[in-house]
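Visitor: Handing you a structure now.
The values are calculated or read from the model by the stated rules, or taken from the named source; none is laboratory data. Predicted model, so just to flag it, every value in this text is computed and none were measured. Here Cβ is always computed from backbone atoms with ideal geometry, including for glycine, and neighbour counts include all displayed protein chains. With ligands, DNA and RNA removed, areas are computed over all heavy atoms of the protein, side chains included. Shrake-Rupley method; radii C 1.70, N 1.55, O 1.52, S 1.80 Å.
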Amino acid sequence: MKGLILAGGSGTRLRPITHTGAKQLVPVANKPILFYGLEDLADAGVRDVGVVVGDTASEIEAAVGNGSHWGLQVTYLRQEQPLGLAHCVLIARDFLGDDDFVMYLGDNLLRGGVAQLVERFVADRSVPDAARRTGVSSPCAQILLARVPDPHRFGVAVLGPDGSVVSLVEKPAEPPSDLALVGVYLFDRRIHEAVRAIKPSERGELEITDAIRWLIDNGHSVRHEVLNGWWKDTGAVAPLLEGNRLVLEAIETSLMGTIDQTSRIEGRVVLEQGSEVKGSVVRGPAIIGTGTRILDSYVGPFTSIERDCEIVDSEIEHSIVLAESHIIGINRLVDSLLGRNVTVTRSGRRPNATRLTLGDHSHAELDQ
């Protein structure tokens, strides 16, 4: 079983953050989103992984390296233009060979990983068709579905009366169901015939939904499961912050930084090595990165602050702050995503709350 991680998207819904960085490297709980997918593949026993990259290839390669940190062997596959998920399979043909593989979208977060999904797919495919009592042949694909309130944003599955997948539609204006395709797929070699057979959609892309529908229409068995746990497509600010909240829910307290006697640490908090809390309250779940200073401030639940930041005389919660940023004299900052090297300072008037999405190297003065 090989792995194929897609990390070539431009991240338009996360601009301006993604004007200067790859969306797959935006941190959740102070760890790049892409790393969660790599960990999930490693935990599932996958060792040989292809990473599809685009314009941010150098940044992805610098962060991931050869994959040895996770016990993986990584091969980089360049996609010159964003021509669809099925196109990623097409350009990965030589790397994948005839092996079964897991395809994992690099900006997705999935509770519980993919180990059990891979195990069941492998077990299902190991049973000879002649020994099956169901009359259904060995699956050539496995899809994961989740019920969502806004299915028009996703690929959507239609199930028949017997519960089998009968059709798939990509980002429909009028969704036929609320079952969205989660960004994890398992395929055998028959998917290569499918991606060669389909035509570009109206969006000009080779859609993976069209390739899977081709498999179904040509009599191949496509297995599915409906996800019980949570899943987040972190390609926009709101689900990114929600993913950060969900990951922080599971952290364990680790206080490696320094805390003065006038400060309070409440709940589950991670203070990384070299961080400092002085005259402040940090209420978890929250994580404070190495070299970051929290002075005379309040850091509330579901906040991730990366390395070498400074929070002074301010209040912040339910937010993500990237490295080397400074928040000074801000009364209350909530539901915000701040890029690297951002400076936010107080000006005059005082609104009750501020919600910001700031790109790297920004400077903002707020009326409060």
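Visitor: With a 10 Å radius around each residue's Cβ, average the other Cβ atoms per peptide and rank 309-319, 113-123, highest first. Can you show the working numbers first?
Guide: Working: 309-319: 20.9, 113-123: 16.6.
Those peptides, ordered most packed to least, come out 309-319, 113-123.
Visitor: Let me ask another. Which percent of the accessible heavy-atom area of the chain goes to carbon and sulfur, probe 1.4 angstrom?
Guide: Working: 7410 of 15980 Å².
C and S atoms contribute 46 percent here.
Visitor: Okay, next question. With an 8 Å Cα cut-off and a minimum separation of 6 or more residues, compute the relative contact order for the chain in percent. It would help to have the intermediate numbers written out before the result.
Guide: Numbers: 917 pairs, mean separation 48.3, N = 368.
13 percent.
Visitor: Okay, next question. Any idea what diffusion coefficient segment 58-193 gets from Stokes-Einstein, in µm²/s, Kirkwood Rh on alpha carbon pairs, 4 °C, 1.567 mPa s?
Guide: Values: Rh = 17.2 Å.
Once the numbers are plugged in, D ends up at 75 µm²/s.
Visitor: I've got another one for you. Along the charge dipole of the chain, pointing to its positive end and built from +1/-1 on Cβ of Lys, Arg, Asp and Glu, which listed residue (Leu72, Met1, His152) has its Cα farthest out?
Guide: Highest projection toward the positive end goes to His152.
Visitor: What order, most packed first, do the peptides 320-331, 251-262 have when packing is the mean number of other Cβ atoms within 10 Å of each residue?
Guide: Details: 320-331: 21.2, 251-262: 13.3.
Order by mean packing, descending: 320-331, 251-262.
Visitor: Oh, and also: Check Gly155: other-chain or 5+ apart residues with amide H under 5 Å from its amide H, H built from backbone geometry?
Guide: Hits under the 5 Å cutoff: Lys171, Leu181.
Visitor: Follow-up question, since we're still on this one. Can you compute log10 of I(q)/I(0) for the chain with the Debye formula, treating each Cα as one identical point scatterer, at q = 0.10, 0.13, 0.14 Å⁻¹?
Guide: Log10 I(q)/I(0), no solvent term: -0.67, -1.02, -1.13.
Visitor: Using only Cα atoms, tell me the angle between helix 115-126 and the longest principal axis of the chain; keep it within 0 to 90° and round to the nearest 10.
Guide: That helix lies at roughly 10 degrees to the long axis.
Visitor: Sticking with this structure for a sec: Solvent-accessible area per residue for the chain at a 1.4 Å probe radius, Å²?
Guide: On the way: 15980 Å² over 368 residues.
That works out to 43 Å² per residue.
Visitor: Applying the Karplus parametrisation 6.51 cos²θ - 1.76 cosθ + 1.60 with θ = phi - 60° to the phi angles of segment 301-306, what ³J(HN,Hα) value in whole Hz is obtained for each residue in order, glycine and proline being reported as x?
Guide: The phi angles translate into x, 6, 10, 10, 10, 6 Hz.
Visitor: As a test, work out the antiparallel percent of DSSP beta bridges whose residues both lie in the chain, rounded to the nearest 5. List each step's numbers first, then the result.
Guide: Details: 21 of 84 bridges.
So the antiparallel bridges in the chain amount to around 25 percent.
Visitor: While we're here: Taking the mean number of other Cβ atoms within 10 Å as a proxy for protection, how do you rank 25-32, 155-162 from highest to lowest?
Guide: Listed from highest to lowest mean packing, they are 25-32, 155-162.
Visitor: Moving on to the next point. Among Val165, Val122, Ala92, flag the residue with its Cα farthest along the positive direction of the charge dipole of segment 92-239, charges on Cβ as +1 for Lys/Arg and -1 for Asp/Glu.
Guide: Working it through, the farthest residue towards the positive pole turns out to be Val122.
Visitor: Using the structure shown, list the pairs from Lys23/Lys278; Lys2/Lys23; Lys171/Lys232 with a Cα-Cα distance above 28 Å, or answer none. Could the numbers behind the result be given before it?
Guide: Values: Lys23/Lys278 33 Å; Lys2/Lys23 24 Å; Lys171/Lys232 17 Å.
Violating the 28 Å Cα-Cα cut-off are Lys23/Lys278.
Visitor: Return the sequence-ordered ³J(HN,Hα) values of segment 250-255 in whole Hz as given by the Karplus equation 6.51 cos²θ - 1.76 cosθ + 1.60 applied to θ = phi - 60°, using x for Gly and Pro.
Guide: These are the phi-based 3J(HN,Hα) values: 9, 6, 10, 4, 8, 10 Hz.
Visitor: Another question, if that's okay. Taking Lys199 as the anchor, which aspartates and glutamates have their alpha carbon closer than 18 Å to its alpha carbon, excluding any fewer than eight residues away along the same chain?
Guide: Correct list for Lys199: Glu170, Glu207, Asp210, Asp217.
Visitor: Provide the per-residue ³J(HN,Hα) series for segment 24-36, in order, calculated from phi with Karplus coefficients 6.51, -1.76, 1.60 and θ = phi - 60°, each as a whole number of Hz, with x at glycine and proline positions.
Guide: With the stated coefficients, segment 24-36 comes to 6, 9, 5, x, 10, 6, 6, 9, x, 3, 4, 5, 5 Hz.
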